[in-house]
Amino acid sequence: MSQPDSPDLIVIGAGPAGLAAASEAARYGASVLLLDEQPAPGGQIYRNVKDASEQQNAILGPDYTVGRTLAASVEDVGIDYRPGVTVWKVGTDGRVAFSQNGEAQQVQGQHIVLATGALERPVPLPGWTLPGVMTAGGAQILMKSGGLVARDAILVGSGPLLYLLASQMVAAGRPPKALVETQTDANFRSAMVHIKGALLGWQQLLKGLALIGKIRRADVRRYKAVTDINIIGTDKAEAVTFISNGRVHQLNASVVLLHQGVVPNTQISRSLGLEHRWDIKQRCFHPVTDEFGQSSAENISIAGDGAGISGAKAAEHAGRIAALNALKNLGLVDGATHNQQVIPLLKARTKETAIRPFLNTLYAPPTEVLCPTGKTIVCRCEEVTADDISNYAALGCKGPNQTKAFGRSGMGPCQGRFCGATVTEILSKETGLHPEKVGSYRIRAPLKPVTLGELAALTEPR
């Protein structure tokens, strides 16, 4: 369909939250522009779900294939779906600048819904920059996009995704060589405080237990409460060393998959200067929103994991809630209809997120990951080490933005996506300041690389 001069909603991101928001808004006759960086709808969780083979579906499981219906919603009347788009500037005035096929465009929306999802938390261990080391999420991308499964990989870290990936590898006939897990008995005891909420999400608990059972039946070795993790190698990963039960272990492997949970992708929300808050449980910053996803700017909502980690089903509910709230504010849905539709969605989301405090505590990242030391590289783009950040603090550096002047951390192509959380943690430790006071990188447009030619050709919104 042709793009309206000023769409009612501009939705950024076509994962569960973005697809649900776009679909819900279109259902009430709103004009929606849906912008997504990926070539097909689904986000990371449902990546390539519309075109996945039967074999991929069998390996990835029902929690993946359930996304087909949601991904198909981009064909709804009223949705102008644009895949392969790089959004590089968003304004509080409702303007969004983006590039597609090398051509820059700009459009003005009445309301913006940010559904940018999550990023995997950086896992800055010694050797994590060696070839052969990647994230668990990266391994899943290969499985979903190309049906590629790593052979004899070692999975390092903690969290539900680690078990999900391991079970998928087992289903593919290439079980991991070992799981090297960082959660401890102390984590479990602390998590039991939240067992009541966890039992409300008993279906998720059963799924987790089923994954662990599948891994055990495949005789995958598991090491728990590990510390002092090192990935060793010269030109590539060759082995992982660690301490477990008071003993030093070394496992040879050329593929190492890291995971310590995910954090909200806040690049756009921070570039807009929206209010953010440090989450002490999830150890990250997240935007401040109300129960309907409304941010500190009246024309901008945030839905899904970009507002705080809650999972795919909760993100879908949040997308619909945010869309209904936006439509009410725009006068496209009356108050009675809004309340009738949104109340069951709020209840469903609450049920889905009841397990989060339990999971956040059980799989809390260890100190050696949150706050690395020594020559471990923190900023991969500029090769800034943990010692470098500590030395900047000793010289008077109080916040991440100052570290740019001291040593260029956060100034590479990723603009701090992979080092921001770690820099905040190290500075907090060295200065004694709460992470809220230390703050985060200041993000400015362009959010992603854009050519001078694209900038020069950019025109005002129609």
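Go through (1) modelled with pLDDT under 95; (2) surrounded by fewer than 20 Cβ atoms within 10 Å (Cβ to Cβ); (3) under 23 Å from residue 122 (Cβ atoms); (4) in contact with a helix residue (DSSP H, G or I) (Cβ under 9 Å, 6 or more places away or on another chain) one by one and return the number of the condition residue 150 breaks.
Only one criterion in (1) modelled with pLDDT under 95; (2) surrounded by fewer than 20 Cβ atoms within 10 Å (Cβ to Cβ); (3) under 23 Å from residue 122 (Cβ atoms); (4) in contact with a helix residue (DSSP H, G or I) (Cβ under 9 Å, 6 or more places away or on another chain) is unmet by residue 150, namely (2).
Could you grab me the full set of residues in the stretch 295-306 that are farther than 16 Å from residue 9 by Cα and open to solvent by 20 Å² or more (accessible area, probe 1.4 Å)?
296, 305
In the stretch 380-412, how many residues are part of a loop (DSSP other than H, G, I, E, B), without any contact (Cβ under 8 Å) to a residue 60 or more places away in the chain and within 18 Å of residue 440 (Cβ to Cβ)?
Matching residues across the stretch 380-412 total 10.
Given the conditions (1) within 24 Å of residue 274 (Cβ to Cβ); (2) among the polar types (S, T, N, Q); (3) outside any loop (DSSP other than H, G, I, E, B), report the number of the one that residue 361 does not fulfil.
For residue 361, the exception is condition (1).
Residues that are open to solvent by 40 Å² or more (accessible area, probe 1.4 Å), assigned to a helix (DSSP H, G or I) and not hydroxyl-bearing (Ser, Thr, Tyr): does the stretch 167-185 have at least one?
yes
Please specify each residue of the stretch 42-56 satisfying the condition of being in contact with a helix residue (DSSP H, G or I) (Cβ under 9 Å, 6 or more places away or on another chain) and either touching a residue at least 60 places away in the same chain (Cβ under 8 Å) or open to solvent by less than 10 Å² (accessible area, probe 1.4 Å) (or both).
Of everything in the stretch 42-56, those that are in contact with a helix residue (DSSP H, G or I) (Cβ under 9 Å, 6 or more places away or on another chain) and either touching a residue at least 60 places away in the same chain (Cβ under 8 Å) or open to solvent by less than 10 Å² (accessible area, probe 1.4 Å) (or both) turn out to be 42, 43, 44, 45, 46, 47, 48, 49, 52, 56.
Out of the stretch 334-358, which residues are surrounded by fewer than 22 Cβ atoms within 10 Å (Cβ to Cβ), in contact with a helix residue (DSSP H, G or I) (Cβ under 7 Å, 6 or more places away or on another chain) and assigned to a loop (DSSP other than H, G, I, E, B)?
354
State which residue is most open to solvent (accessible area, probe 1.4 Å) when the search covers only the stretch 30-41 and only residues that are in a loop (DSSP other than H, G, I, E, B) and within 27 Å of residue 335 (Cα to Cα).
31
Among the candidates 389, 377, which residue alone is surrounded by fewer than 22 Cβ atoms within 10 Å (Cβ to Cβ), among the aliphatic types (A, V, I, L, M), at pLDDT 95 or above and more than 24 Å from residue 202 (Cα to Cα)?
377
So if I check each of 221, 247, which one is out of contact with any Lys or Arg (no Cβ under 8 Å at 6 or more places or on another chain), closer than 22 Å to residue 187 by Cβ and open to solvent by 30 Å² or more (accessible area, probe 1.4 Å)?
From the options 221, 247, the qualifying one is 247.
Six or more apart or on different chains, Cβ atoms under 6 Å: show the pairs whose first residue is in the stretch 174-200 and in contact (Cβ under 8 Å) with a residue 60 or more places away in the chain and whose second is open to solvent by 80 Å² or more (accessible area, probe 1.4 Å).
177/152; 178/221
For the stretch 15-29, indicate whether the set of residues that are surrounded by fewer than 22 Cβ atoms within 10 Å (Cβ to Cβ) and under 30 Å from residue 166 (Cβ atoms) is non-empty.
So far as the stretch 15-29 goes, no, none of its residues is surrounded by fewer than 22 Cβ atoms within 10 Å (Cβ to Cβ) and under 30 Å from residue 166 (Cβ atoms).
The values are calculated or read from the model by the stated rules, or taken from the named source; none is laboratory data. It should be emphasised that the depicted structure is a prediction, and the values quoted were computed from it without experimental measurement. Methodologically, a virtual Cβ is constructed for each residue, glycine included, from the backbone with ideal geometry; neighbour enumeration extends over all protein chains shown. These area figures cover heavy atoms from the full protein model, side chains too; ligands, DNA and RNA do not enter into them. Shrake-Rupley method; radii C 1.70, N 1.55, O 1.52, S 1.80 Å.
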